[in-house]
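Engineer: Got a structure for you, questions after.
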Amino acid sequence: MTPLAKLLEAALFAGGRPIPIEELRGLDGEASPAAIAMALDEIRECYDQQGHGIELIELAGGWQVLTRPEYTETIERAQLAARPHRLSSAALESLAIIAYRQPIGRADIEEIRGVSVGGMLKTLLERGLIDVVGRAEGLGRPLLYGTTPLFLEQFALRHLGELPRADEFAVALRAEPRPL
């Protein structure tokens, strides 16, 4: 591996979070974005060709070294990895509404869900999955909520465009015919 690839690999290993290319460029002021991209490809190919148990992936606007999916379950079962806090189905439902409709206000979320979401919003804000992204123009100028980079990281998305489309839900939720 090139010296730049080794430097990036060390930074990604130590980072523990997705690191954007702009931050990686700070490691070597002489390196162009193209050189950084080539070094990242070099690291990824090295991990793939040599059969490493880790991989380099683009995630939440940055790059991160992660365990390969085929080993994740075994590592979690052995309790070697930190487990993220689970969200209730109500919190996931509220989070999905925010992800698909952002920016969105509390009243709109409550109208869709049919229940009060104050506690849910507080939980999602505390966990860093959503944030206040502005104020609506309406009466009282209510707060508008949107997802954060941590949301993308937790759900292994590079950007919001990777969220499943509504037509994909219809296929996934369709009941399979039962054998007679």
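Engineer: How big is the dipole moment of the chain about its Cα centre under a simple scheme where the beta carbon of each Lys and Arg is +1, that of each Asp and Glu is -1, and everything else is neutral? Debye, nearest 20, please. Provide the component values of the computation, followed by the final result.
Structural biologist: Numbers: 19 positive and 26 negative charges, 159 e Å.
Computed about the Cα centre, the dipole is about 760 debye.
Engineer: Amide H to amide H under 5 Å from Gly105: which residues, 5+ apart in sequence or cross-chain, H placed 1.01 Å off N in plane?
Structural biologist: Those lying under 5 Å, H to H, from Gly105 are Tyr145.
Engineer: Which is farthest toward the positive dipole end of the chain among Ser88, Leu40, Leu160, measuring Cα position about the Cα centre, with Cβ charges +1 (Lys, Arg) and -1 (Asp, Glu)?
Structural biologist: Ser88
Engineer: In percent, how large is the relative contact order of segment 1-121, given Cα pairs closer than 8 Å and 6 or more residues apart?
Structural biologist: Relative CO of segment 1-121 lands at 19 percent.
Engineer: Here is a follow-up. With the Cα gyration tensor of the chain in hand, give its eigenvalues times 5 under a square root as the equivalent ellipsoid semi-axes, listed largest first in whole angstrom. Walk me through the numbers before you get to the answer.
Structural biologist: Values: eigenvalues 253, 112, 47 Å².
Three semi-axes, in Å: 36, 24, 15.
Engineer: Continuing with this model, one more query. Give, in whole angstrom and from largest to smallest, the semi-axes √(5λ) of the equivalent ellipsoid of segment 3-77, with λ running over the eigenvalues of the Cα gyration tensor. Show your work: numbers first, answer last.
Structural biologist: Values: eigenvalues 107, 35, 17 Å².
Equivalent ellipsoid of segment 3-77: 23, 13, 9 Å, largest first.
Every number in this text was worked out from the coordinates using simple rules, so none of it is lab data. For clarity, every value in this text was computed on a predicted model and none was experimentally measured. A quick note on method: Cβ atoms are made from the backbone with ideal geometry, for glycine too, and the neighbour counts reach across all protein chains shown.
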